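The values are calculated or read from the model by the stated rules, or taken from the named source; none is laboratory data. The structure displayed is predicted, hence computed values, not measured ones. Here the Cβ is made from the backbone with ideal geometry for all residues, glycine too, and neighbour counts use every protein chain on show. Areas reflect the complete protein model, heavy atoms only, side chains present, ligands, DNA and RNA absent. Shrake-Rupley method; radii C 1.70, N 1.55, O 1.52, S 1.80 Å.
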Amino acid sequence: MSDTEFDLVVIGGGPGGYVAAIRAAQLGMTVACVEQRETLGGTCLNVGCIPSKALLYSSEKFAETRHDLASHGIGTGKVTLDLKTMLARKDKVVADLTGGIAFLLKKNKIDLVAGRGAIAGPGAVRVTPEKGKPRTLKAKHILIATGSDSMPLPGVEVDEKRIVTSTGALSLAKVPKHLVVVGAGYIGLEMASVWGRLGAEITCVEFLDRITPGMDGEVAKHFQRILKKQGMKFRLSTKVTGAKTTRAGVTLSLEPAAGGKTETLKCDIVLVAIGRRPYTDGLGLEAAGVATDARGFITIDAKFATTAAGIYAIGDCVPGPMLAHKAEDEGVVCAEILAGQSGHINYDAIPGIVYTWPEVAAVGKTEEALKEAGIAYNVGKFPFTANSRARANNLTDGFVKILADAETDAVLGAHIIGADAGNLIHEIVAVIEFGGAAEDIARICHGHPTLNEAVKEAALAVDGRPIHL
Ligand SMILES: Cc1cc2nc3c(=O)[nH]c(=O)nc-3n(C[C@H](O)[C@H](O)[C@H](O)COP(=O)(O)OP(=O)(O)OC[C@H]3O[C@@H](n4cnc5c(N)ncnc54)[C@H](O)[C@@H]3O)c2cc1C
């Protein structure tokens, strides 16, 4: 094949796109990956998962040193913050990892084509680089993996200085005095945690009457209580209707969600984190016959095929949870299907994790979803206060909750709030993937003393027989 003809052209080098490209190359296809950003890794590596986790880690260390080490008998003297160094460390982590992806593409003999891709007819992708001439790539298959962008809020114009998206919130030059976060979803709460730990006053304004929509209701309530104890303020059932920016800061107009009297809220920085929307600008979807739904997500079938022959789509630009590991798994399975293999994803076994303190992790169904579907279930709950390792490490906030089918005992969902919840959840993900029961978890020998024992105890509690409660 020539250097403009490929088995697969992937548009987008995020976790969906670059992983699909690598898997397709492993399966013997000739592959090009088109990316408009200077670096690979998409939202996740550049302005999402990785920089946010780097700052969450650094800010957690800062808060721990300031507030917790004394209780262990460790004296530190005056703890100071060098924000520039903290941000530079984050930037280096991002640079190292995005560079690593470029290396992996090279290793797998994937052509990285820099520029903006658009569909230019059946089996053709036109790539327009920032400088130089456009080029047309021919492809047996085209895979759209163009991801998502932050959702705009009418009346509140983002300038990435005073009014920022998560991207601006990852690089604030100084700690805000008062940060207002619009939207109490996981991205808003993670960024609120970073700046709150570094000293900002935090107010979260949320349209709904609860935080973290979609999360199990009991867990969300507990989570909000813990965040409040950490000093975060919440204005629930409240909508932001406008913003005025001055040199001194921002004045937001707020109204009750149900309508009513307007009031104002002053702050120096506003983070708009009301969700993300699929990003498909300039791809030429309509002309190519690729249908989208009412919210702009590309319509696909169970094999990731769009409504246009030879064009596929995965990741944040298609329906489903907007998570990096979901995009990656779709990338792998889509490449395998294109290579003639069979493959599917169990969407009931995709974990979701909030990397705050404590972490919150979930997989499968919530109690609300089971009730709505009329499925009878048993609940097993175990608090970390009764776990010996949690007590030894002073990590007693939170609990493990397992939901199992009342008739078959199959694990239908699990929700953990507590230290290391993001790691603990994976045992339950594996059990769900293998179609296992709560009794299976209860019978697995868990090391002692570990936080994992709380998972086993919650599984025992499904059958009313926890040992340490
Ligand atoms: C602050 C923040 C924190 C997050 N934290 C987590 C987390 O902890 N865990 C988690 O699982 N998820 C997290 N996410 C979500 C995660 O980043 C996304 O789900 C994931 O990046 C989606 O991958 P993707 O490949 O579908 O799209 P993206 O990562 O968005 O990649 C798409 C790529 O396509 C490129 N592109 C778009 N259009 C074109 C075009 N026409 N031509 C060429 N290139 C194009 C873009 O430049 C981009 O690089 C976070 C997101 C944010 C914003």
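Worth a mention:
- The criterion of at least 2 residues that are under 27 Å from Val354 (Cα atoms) and among the aromatic types (Phe, Trp, Tyr) is met, among helices (runs of 4 or more DSSP H) falling completely within segment 1-82, by 49-67.
- Those residues of segment 163-187 which are assigned to a loop (DSSP other than H, G, I, E, B), more than 11 Å from the ligand (Cβ to nearest atom) and out of contact with any Cys (no Cβ under 9 Å at 6 or more places or on another chain), in sequence order: Ser171, Leu172, Ala173, Lys174, Val175
- Qualifying residue in segment 328-335 (condition: open to solvent by 30 Å² or more (accessible area, probe 1.4 Å), among the hydrophobic types (A, V, I, L, M, F, W, C) and more than 14 Å from the ligand (Cβ to nearest atom)): no
- The set of residues in segment 312-327 that are crowded, with 18+ Cβ neighbours inside 10 Å and not in a helix (DSSP H, G or I) comprises Tyr312, Ala313, Ile314, Val318, Met322, Leu323.
- Applying the condition of being within 26 Å of Glu286 (Cβ to Cβ) and touching an Asp or Glu at 6+ places or on another chain (Cβ under 8 Å) to segment 95-143 and asking which residue is farthest from the ligand (Cβ to nearest atom) yields Lys140.
- Restricting attention to segment 280-299, the residues being open to solvent by 50 Å² or more (accessible area, probe 1.4 Å) and either under 30 Å from Ala192 (Cβ atoms) or assigned to a loop (DSSP other than H, G, I, E, B) (or both) number 6.
- Scanning segment 405-417 for residues that are in a strand (DSSP E or B) and touching an Asp or Glu at 6+ places or on another chain (Cβ under 6 Å) yields a count of 2.
- Each residue in segment 258-279 was checked for being loosely packed, with under 15 Cβ neighbours inside 10 Å and among the small types (Gly, Ala, Ser), and 3 of them qualify.
- Exactly one residue out of Leu265, Leu285 is modelled with pLDDT of 95 or more and within 16 Å of the ligand (Cβ to nearest atom): that is Leu285.
- Search result, residues across segment 16-45 that are under 25 Å from Met86 (Cβ atoms) and either open to solvent by less than 30 Å² (accessible area, probe 1.4 Å) or of a type in the set (Gly, Ala, Ser) (or both): Leu40, Gly41, Gly42, Cys44, Leu45
- Count of residues meeting criterion [aromatic (Phe, Trp, Tyr) and within 9 Å of the ligand (Cβ to nearest atom)] in segment 1-52: 1
- When the criteria are applied in full, Thr146 meets the requirement of being under 22 Å from the mean Cα position of the chain (by Cα), outside any helix (DSSP H, G or I) and within 11 Å of the ligand (Cβ to nearest atom).
- Filtered residues of segment 427-467 (kept if in a helix (DSSP H, G or I), open to solvent by 60 Å² or more (accessible area, probe 1.4 Å) and more than 13 Å from Gly364 (Cβ to Cβ)): Asp440, Arg443
- Of the residues Ser193, Ser171, the single one that is open to solvent by less than 60 Å² (accessible area, probe 1.4 Å) and among the hydroxyl-bearing types (Ser, Thr, Tyr) is Ser193.
- Pairing residues of segment 367-385 that are at negative phi and of a type in the set (D, E, K, R) with residues that are open to solvent by less than 70 Å² (accessible area, probe 1.4 Å) and assigned to a helix (DSSP H, G or I), at Cβ distances under 8 Å and at least 6 apart in sequence or on separate chains, gives Glu367/Gly217; Glu367/Glu218; Glu368/Gly217; Lys381/Ala458; Lys381/Ala461.
- Check on Gly343, under 30 Å from Gly121 (Cβ atoms), more than 8 Å from the ligand (Cβ to nearest atom), assigned to a loop (DSSP other than H, G, I, E, B) and modelled with pLDDT under 95: yes
- Output for segment 46-69, where each listed residue is open to solvent by 50 Å² or more (accessible area, probe 1.4 Å) and aromatic (Phe, Trp, Tyr): Tyr57
- The residue list Ala362, Ala390 contains one member that is open to solvent by less than 60 Å² (accessible area, probe 1.4 Å), within 30 Å of Pro449 (Cβ to Cβ), in contact with a His (Cβ under 6 Å, 6 or more places away or on another chain) and not in a loop (DSSP other than H, G, I, E, B), which is Ala362.
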